[in-house]
Amino acid sequence: MLRDRVITAAVIIAILVPLFLFGGVLGIALVVAALGGTGVWELARCLPALKRSPGKELTLALGFGIIAAFYTFPHGTLMGVLAGYPLLVILIHLILYHRIERTLESASEMIFALAYVIVPLSH
């Protein structure tokens, strides 16, 4: 049991240390994207409105968009990007589903998943 944990830690260290040392901003963004994607995927499996397709996939794509915005836009514009994401989520829901019945539940869970996992991890 301890041997398995040590092997897992060695593999993770062998991957993360070179990314942090030699990857620069892109390496850190890739690590954040991998960890954020995993976190959003796991959280979306627990939220009932995001279990339906394309809930998880759309949340994951928007999460990667937020991560890309954090590492490409200047810091002064990030608040505008984060303020616009709930409106973008609602617009995408209305375009995809063509109805408003489940839009509030699904959009609020999607915004929660992004705000709970991606935004703090991106900082």
Original post:
Expressed as an acute angle from 0 to 90° and rounded to the nearest 10, what is the orientation of the C-alpha long axis of helix 55-72 relative to the principal long axis of the chain?
Top reply: 60 degrees
Original post:
So what J values fall out for the stretch 46-53 if you push phi through Karplus, 6.51 cos²θ - 1.76 cosθ + 1.60 with θ = phi - 60°, rounded to Hz, Gly and Pro as x?
Top reply: 8, 8, x, 6, 8, 6, 6, 6
**OP:** Taking all protein chains together and a probe of 1.4 Å, list L104, L114 from the most accessible to the least accessible.
**Re:** L104, L114
**OP:** Report, to the nearest whole %, how much of the accessible area of the stretch 41-123 belongs to carbon and sulfur atoms, 1.4 Å probe, protein only.
**Re:** 71 percent
Original post:
Check L47: other-chain or 5+ apart residues with amide H under 5 Å from its amide H, H built from backbone geometry?
Top reply: none
Original post:
What list of ³J(HN,Hα) values in whole Hz, one per residue of the stretch 105-114 in order, does the Karplus curve 6.51 cos²θ - 1.76 cosθ + 1.60 (θ = phi - 60°) give from phi, with Gly and Pro shown as x?
Top reply: 5, 5, 5, 5, 5, 5, 5, 4, 4, 5
Subject >> Taking only Cα atoms of the stretch 1-86, radius of gyration then Dmax in Å >> reply: 16.2, 48
Original post:
If you roll a 1.4 Å probe over the heavy atoms of the protein chains, what accessible area per residue do you get for the stretch 1-117, in Å²?
Top reply: 64 Å²
Subject >> With all protein chains modelled, accessible area of T72 [1.4 Å, Å²] >> reply: 100 Å²
**OP:** Between F112 and A9, take the C-beta separation as r, use R0 = 30 Å, and let me know the FRET efficiency to the nearest 0.05.
**Re:** 0.45
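The values are calculated or read from the model by the stated rules, or taken from the named source; none is laboratory data. As the structure is a computational prediction, the values presented were derived from the model and not from experiment. Heads up, the Cβs are rebuilt from the backbone with ideal geometry, glycines too, and the neighbour counts pull from every protein chain shown. Please note that ligands, DNA and RNA were not included when accessible areas were found on the heavy atoms of the full protein model with its side chains. Shrake-Rupley method; radii C 1.70, N 1.55, O 1.52, S 1.80 Å.
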